[in-house]
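Written below as structure tokens is the structure these notes are about.
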Amino acid sequence: MSVLTSTLSRSQAWELLKQYNKDPFHLQHALTVEGVMKWYAADLGYGDEAEFWGIVGLLHDIDFEEYPDQHCIKAPELLRAGGAGEELIHGVCSHGYGLTVDIKPEHEMEKVLYAADELTGLIWAAAIIRPSKSVMDMEVKSVKKKYKAANFAAGCSREVIEKGAAMLGWDLDTLIEKTILAMRSCEAEINAFMGKLA
Ligand SMILES: [Fe+2]
């Protein structure tokens, strides 16, 4: 089996992201999904591909800030112009499957991105209103409570999260538990980095 690698280095990917994303909220989300994807790569036995999984996570919403109506449709053009290879482009675009594009998540990396992206947003929204403002003391139970409240982080599609869990063959609790652990693995580093950017 071939190991997925990126045609872009991590620093090239970061520069490319910043060309199209200025909003700190978007940068923070990109970094979070990067960290989450890297954690999942290691957890699922794809440690050799961790950097590639991370870069796909970092760039997955590249077109959203400037082209919200063409999410995952504009991305190939921006990525190609930035030197991204087709595997990276497919990975990014497949997270819009059934929403804006008909590009199905095929690789396990793509299924993880599809399943964890929106959930990451929901867990983050739940974390920042806690006294700790952190996922370090967040448990599955409290995420599930928020998850069930349809008006909490209403933009995070429960349907997508559940479809993603099904693609992976996991129940919802497993997906939430792993994603909390994944977010814990990168929270401190990302907060420190964002603090320096501000
Ligand atoms: Fe996203």
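Elements of the type helices (runs of 4 or more DSSP H) sitting completely within the stretch 27-132 and holding at least 1 residues that are of a type in the set (Gly, Ala, Ser), surrounded by fewer than 24 Cβ atoms within 10 Å (Cβ to Cβ) and out of contact with any Pro (no Cβ under 7 Å at 6 or more places or on another chain): these cover 50-59, 75-81, 108-128. Being within 15 Å of the ligand (Cβ to nearest atom) and among the charged types (D, E, K, R) narrows it down to one residue among Glu110, Glu106; which is it? From the options Glu110, Glu106, the qualifying one is Glu110. Of everything listed in (1) touching a helix residue (DSSP H, G or I) at 6+ places or on another chain (Cβ under 9 Å); (2) not hydroxyl-bearing (Ser, Thr, Tyr); (3) not in a helix (DSSP H, G or I), the single unmet condition for Lys22 is (1). Restricted to the stretch 137-179, and to residues that are in contact with a helix residue (DSSP H, G or I) (Cβ under 7 Å, 6 or more places away or on another chain) and aromatic (Phe, Trp, Tyr), which residue is nearest to Asp117 (Cα to Cα)? Per the stated criteria, the residue is Tyr147.
Taken across the stretch 129-145, residues that are of a type in the set (Ser, Thr, Tyr), under 17 Å from the mean Cα position of the chain (by Cα) and under 20 Å from Phe25 (Cα atoms) do not occur at all. Among all residues of the stretch 141-149, there is none that is part of a helix (DSSP H, G or I), within 15 Å of the ligand (Cβ to nearest atom) and either on the phi > 0 side of the Ramachandran plot or buried (at least 21 other Cβ atoms within 10 Å of the Cβ) (or both). What number goes with the only condition from (1) modelled with pLDDT of 95 or more; (2) surrounded by fewer than 17 Cβ atoms within 10 Å (Cβ to Cβ); (3) farther than 27 Å from Glu51 by Cβ that Ala153 does not pass? Answer for Ala153: the failing condition is (2).
The values are calculated or read from the model by the stated rules, or taken from the named source; none is laboratory data. This is a predicted model, so every value here is computed, not measured. Virtual Cβ from ideal backbone geometry, glycine too; neighbours counted across all protein chains shown.
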